[in-house]
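Right, one structure below, let's go through it.
The values are calculated or read from the model by the stated rules, or taken from the named source; none is laboratory data. Keep in mind that this is a model prediction, so the values were computed, not measured. As a convention, Cβ positions derive from the backbone with ideal geometry for all residues, glycine included, and neighbour counts pool all protein chains shown.
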Amino acid sequence: MPGTKQGQKHRRGKLFIVSAPSGTGKTTLCNAIRKRFPELAYSISHTTRPPRKNEVHGRDYYFISSEAFEEKIHAGEWAEWARVHGNHYGTSASQLNTHMEGGRDILLDIDVNGARQIKNRYPESIAFFIMPPSMKSLEERLRNRGTDTEADIEKRLAHAHKEIAERSFYDHEIVNDSIEDAVEEFANLIAGYRENTGTQTASR
Ligand code: ADP
Ligand code: 5GP
């Protein structure tokens, strides 16, 4: 658990990293957490993947071209970036720094590669791994979501095994079986970290 920083004048925002195999319910969980903690900033990633139906540029992701993404790699603009399921995803360093310097805690929904890079760059960040109750339910969730092609689903399931194999790297593991229980567990953990730095939480 983090040390107490009460009485400190300038408080840097904390980074809460969340990773899970695609289809586990991480977006659903993060949306619930953002409702519980409306003051928590959400890091909006950049991606070269095309938008899904209902996804909005600037709200869910910044959808950019591969060329624009490459340029930002060379310009050193990413706090972390990774290739996931054949597309590039990246977190803007300036976006993170603005929130952190402003004292806002931030939720980052990123993959295992990205989580390792953020932990290296910001060792005080806290990483959560969300597990599906089983591989069968993961597959069902991916299919029921109805947003991915069969080829995409196969790719995501194959990748899930590799991601799960790395879960011991994370500070906390939460199984998303019942969504209500998972939200409760996640919210309690986040509230605990925030209370230890004297931050007011909106969850109680
Ligand atoms: P991810 O962001 O991890 O790819 P989503 O949040 O898009 O996953 O969830 C994948 C699908 O699973 C969605 O259709 C969502 O409604 C459903 N889902 C999420 N959590 C649960 C749960 N605990 N039980 C059953 N279905 C769930
Ligand atoms: P999706 O395409 O389903 O939205 O996301 C696919 C994967 O990319 C998820 O594991 C998600 O956490 C990850 N991801 C989203 N944004 C970023 C990012 O900025 N950096 C990294 N490394 N991974 C990301």
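Quick look at the numbers
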| quantity | calculated |
| --- | --- |
| Residues that are more than 15 Å from Pro132 (Cβ to Cβ) and either more than 16 Å from the chain's Cα centre (by Cα) or part of a loop (DSSP other than H, G, I, E, B) (or both), drawn from region 171-184 | Asp171, Glu180, Glu184 |
| Region 178-187: number of residues that are exposed (fewer than 14 other Cβ atoms within 10 Å of the Cβ) and in contact (Cβ under 8 Å) with a residue 12 or more places away in the chain | 1 |
| Cβ pairs under 7 Å, 6+ apart, first in region 77-106 and aromatic (Phe, Trp, Tyr), second in a helix (DSSP H, G or I) and more than 16 Å from ligand 1 (Cβ to nearest atom) | Trp78/Lys72; Trp78/Ala93; Trp81/Ile73 |
| Cross-chain or 6+ apart pairs with Cβ under 9 Å, region 18-36 first and assigned to a helix (DSSP H, G or I), then near ligand 2 (Cβ under 8 Å from one of its atoms) and of a type in the set (Ser, Thr, Tyr) | Lys26/Ser19 |
| Sole exception among (1) away from ligand 1 (no atom under 16 Å from the Cβ); (2) in a helix (DSSP H, G or I); (3) over 20 Å from Arg11 (Cα atoms) for Ser94, by number | (3) |
| Answer from Ala127, Ala160 - the residue that is within 11 Å of ligand 1 (Cβ to nearest atom), of a type outside the set (Phe, Trp, Tyr) and either closer than 23 Å to Arg83 by Cα or in a loop (DSSP other than H, G, I, E, B) (or both) | Ala160 |
| Selection from region 1-29 of residues that are at pLDDT below 95 and among the hydrophobic types (A, V, I, L, M, F, W, C) | Met1 |
